[in-house]
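What follows draws every value from the coordinates through simple rules; no lab data is involved. Computed from a prediction, not measured in an experiment: that's the story for all the values here. Here Cβ is always computed from backbone atoms with ideal geometry, including for glycine, and neighbour counts include all displayed protein chains.
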Amino acid sequence: MKALVKTKAEEGIWLQDVPEPEYGIDDVLIKVLKTGICGTDVHIYNWDAWSQKTVKPGTTIGHEFVGRIAAVGSNVHGHKVGELVSAEGHIICGHCRNCQAGRRHLCANTLGVGVNRNGAFAEYVAVPALNLWHCSEKVPEEIYAIYDPLGNAAHTALAFDLVGEDVLITGAGPIGIAAVPMAVKAGARYVVVTDVNDYRLGLAKKLGATAVVNVANQDLKSVMRDLGMQEGFDVGLEMSGNPAGFRKMLETMANGGKIAMLGIQPGDTGIDWNTVVFKGLTIRGIYGRMFGETWYKLTSMIQSGMDITPVITHRYSYKDFQEGFDVMRSGRSGKVVLDWSE
Ligand code: NAD
Ligand code: ZN
């Protein structure tokens, strides 16, 4: 079968013929229909320091996908061939304390599909049946292809009560823009989005942001004054992974504000801790999404009218994967979806 493989320990990704994946008695084999390119895939493409210590050359990458079950292991019940599915890309151990407590997203021994084992940028992928998400035929397939990052956005946006609150989202990347309609749906009054990239801020506006601010040449505080905000943001969703973005958020939070932190900051990021203390801020780290529950809420929000489609800006055949990676790397995209169905 065809697959996108991190063949060599250098920049790039290569389309190759590889054997179909083997699947165990608790696994299912899935015929992949559509996949999303994630920032993680771009890190692996770029072969940055993190990928060099994490990914073994020869690995098929990709973890955002939708497909149809092609075969089920002998121990799998409740799923059948032909069923439309997506899957949680974090493979868990099932026996650590968090797994046993049902907090599976916090498993101490998580392995990533398309990172630590062969992934979904391929005609077929195998995953444990435990990881499956049954897809309704009423939601567009391409939306299920990006359920993983939409889940990151939802897990972050729903971390705190947003009813009547003013929300700041730092970073209008694919996940930041996806969080906009979620915050609106969850009852926020104002949703203000910052970035340094006007193309992406345009997408945030399209997805329903009250105001967008290019912090490279606009003053966030004057936008807050124009909106009539008195004290600062009640809830912050940090989705830039950028120290300047995070510091600006700390500066503009109201006393007692709450921050859900998804963005991955450089290890040596310094902040003014006294701002956290004197404002009495709560900062919660957000990792992945909750098994099942986040995708349940996401599905309900979509089924009750939330339009998330504008998050996808580019669609290609898997054969044109290079164009997909190029546009992701240019910063002039939201989500990029590859079609594997032909
Ligand atoms: P992305 O890199 O595409 O988007 C980040 C955006 O932040 C970019 O548009 C960039 O221009 C913007 N930015 C840069 N400087 C800024 C500043 N000073 N102020 C505001 N914005 C600024 O990333 P993404 O794929 O949308 O993911 C968002 C973040 O979440 C990344 O840091 C990613 O690594 C992280 N992430 C975390 C998890 C998790 O489980 N915790 C999962 C997925 C992604
Ligand atoms: Zn575990």
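General observations
- Number of residues in the stretch 227-252 that are part of a loop (DSSP other than H, G, I, E, B) and not aliphatic (A, V, I, L, M) equals 7.
- Qualifying residue in the stretch 253-270 (condition: within 12 Å of ligand 1 (Cβ to nearest atom), hydroxyl-bearing (Ser, Thr, Tyr), out of contact with any His (no Cβ under 8 Å at 6 or more places or on another chain) and not in a helix (DSSP H, G or I)): yes
- Only one of the numbered conditions (1) farther than 20 Å from Cys38 by Cα; (2) part of a strand (DSSP E or B); (3) not aliphatic (A, V, I, L, M) is not met by Trp133, and that is (1).
- Criterion: touching a Gly at 6+ places or on another chain (Cβ under 7 Å) and either small (Gly, Ala, Ser) or within 15 Å of ligand 1 (Cβ to nearest atom) (or both) - qualifying residue of Glu64, Glu88: Glu64
- Restricting Leu130, Leu168 to residues that are touching a helix residue (DSSP H, G or I) at 6+ places or on another chain (Cβ under 9 Å) and either without any contact (Cβ under 8 Å) to a residue 60 or more places away in the chain or surrounded by fewer than 23 Cβ atoms within 10 Å (Cβ to Cβ) (or both) narrows the list to Leu130.
The rows are residues; the columns are (1) of a type in the set (D, E, K, R); (2) buried (at least 17 other Cβ atoms within 10 Å of the Cβ); (3) more than 18 Å from the chain's Cα centre (by Cα).
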position: Gly270; (1), (2), (3): no, no, yes
position: Ser304; (1), (2), (3): no, no, yes
position: Ser317; (1), (2), (3): no, no, yes
position: Phe321; (1), (2), (3): no, yes, yes
position: Gly324; (1), (2), (3): no, yes, no
position: Arg329; (1), (2), (3): yes, no, no
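- The residues in the stretch 43-93 that are in a loop (DSSP other than H, G, I, E, B), in contact (Cβ under 8 Å) with a residue 40 or more places away in the chain, of a type in the set (D, E, K, R) and under 21 Å from Pro174 (Cβ atoms) can be counted, and the count is 1.
- Selection within the stretch 243-268: residues that are within 23 Å of the chain's Cα centre (by Cα) and of a type in the set (D, E, K, R). The member of this set that is nearest to Leu158 (Cα to Cα) is Lys258.
- The listed residue being of a type in the set (A, V, I, L, M) and touching a Pro at 6+ places or on another chain (Cβ under 7 Å), out of Ala178, Ala154: Ala178
- When the stretch 311-321 is filtered for residues that are outside any strand (DSSP E or B) and out of contact with any Gly (no Cβ under 9 Å at 6 or more places or on another chain), the ones remaining, listed by number, are Lys319, Asp320, Phe321.
- Only one entry in Val212, Val191 is touching a residue at least 12 places away in the same chain (Cβ under 8 Å), over 21 Å from His314 (Cβ atoms), touching a strand residue (DSSP E or B) at 6+ places or on another chain (Cβ under 9 Å) and not in a helix (DSSP H, G or I), namely Val191.
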